[in-house]
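Student: Can you keep this structure in mind? I'll have questions shortly.
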Amino acid sequence: RPDARAEVQWADWMIKRYRNDLWLHRREPYAACPDQPWTSGMDLELGKDSGLIRLAGGRTAIPAGWRVGSRRPGDRIRPLEGGPSRKLKLLFQAASIPPWLRLGIPVLYWDDEAVALGDWVLGHRLRCWLADNGLELQWKPADPVLERVRRDCQG
């Protein structure tokens with residue numbers, strides 16, 4: 001069936017189906033991106049799967065109210081000033097990211113508002129701040145499957 005969640009496991013590996021794609025990866029569950037404040041430094045370590053998130057460019061102070069973690073149910077991001085916000089769940093679905101990988105993808109929150117999904121969906125507030133400071137947000141996943149997802153999303 002098209003909606004079946006087929007999977008095969010052996011030793012340390014598994015193949016799972018999501019939509020029309022087969023995903024080969026390790027059997028061990030993916031770790032969620034840890035929920036942590038980002039208060040200083042241009043790099044923030046995110047754990048064994050999520051890798052790190054960084055600001056590339058010059059050095060600057062991190063704004064108050066920054067936190068990085070996994071998405072929460074109902075989270076939304078506003079890519080354009082005055083434009084509609086979009087549910088992160090729908091952005092994940094549009095990018096064909098399987099549910100079991102989503103918790104490993106970092107979400108940057110600013111004053112408890114989602115302003116970045118990985119480094120490919122940026123909210124207007126963050127995009128303006130990055131431009132004003134001559135910076136670029138970069139996510140460097142440690143896991144090769146998450147790196148593939150990142151590359152696919154950046155097109």
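Student: Let me confirm something: among D132, D152, D143, which residue is open to solvent by less than 30 Å² (accessible area, probe 1.4 Å) and of a type in the set (D, E, K, R)?
Tutor: None of the others qualify; the one that does is D143.
Student: Moving on to the next point. Does the stretch 67-77 hold any residues that are farther than 17 Å from L101 by Cα and at pLDDT 95 or above, and which are they?
Tutor: Hits for the stretch 67-77 are R67, R76, I77.
Student: Among the residues that make up the stretch 72-81, is at least one of them in contact with a Phe, Trp or Tyr (Cβ under 8 Å, 6 or more places away or on another chain) and either over 30 Å from R17 (Cα atoms) or small (G, A, S) (or both)?
Tutor: Within the stretch 72-81, none of the residues are in contact with a Phe, Trp or Tyr (Cβ under 8 Å, 6 or more places away or on another chain) and either over 30 Å from R17 (Cα atoms) or small (G, A, S) (or both).
Student: Which pairs have Cβ atoms under 8 Å, sit 6 or more apart or on different chains, and link a residue in the stretch 123-149 that is touching a residue at least 40 places away in the same chain (Cβ under 8 Å) to one that is open to solvent by 20 Å² or more (accessible area, probe 1.4 Å) and of a type in the set (V, I, T)?
Tutor: N133/T60; L135/T60
Student: Across the stretch 18-44, which residue is least open to solvent (accessible area, probe 1.4 Å) among those that are among the charged types (D, E, K, R) and touching a strand residue (DSSP E or B) at 6+ places or on another chain (Cβ under 7 Å)?
Tutor: Among those that are among the charged types (D, E, K, R) and touching a strand residue (DSSP E or B) at 6+ places or on another chain (Cβ under 7 Å), it is R26.
The values are calculated or read from the model by the stated rules, or taken from the named source; none is laboratory data. Remember, it's a predicted structure, so these values are computed and weren't measured experimentally. Every residue, glycine as well, gets a Cβ built from its backbone with ideal geometry; the counts of neighbours run over all protein chains shown. Just the protein is used for accessible areas: all its heavy atoms, side chains included, with ligands, DNA and RNA removed. Shrake-Rupley method; radii C 1.70, N 1.55, O 1.52, S 1.80 Å.
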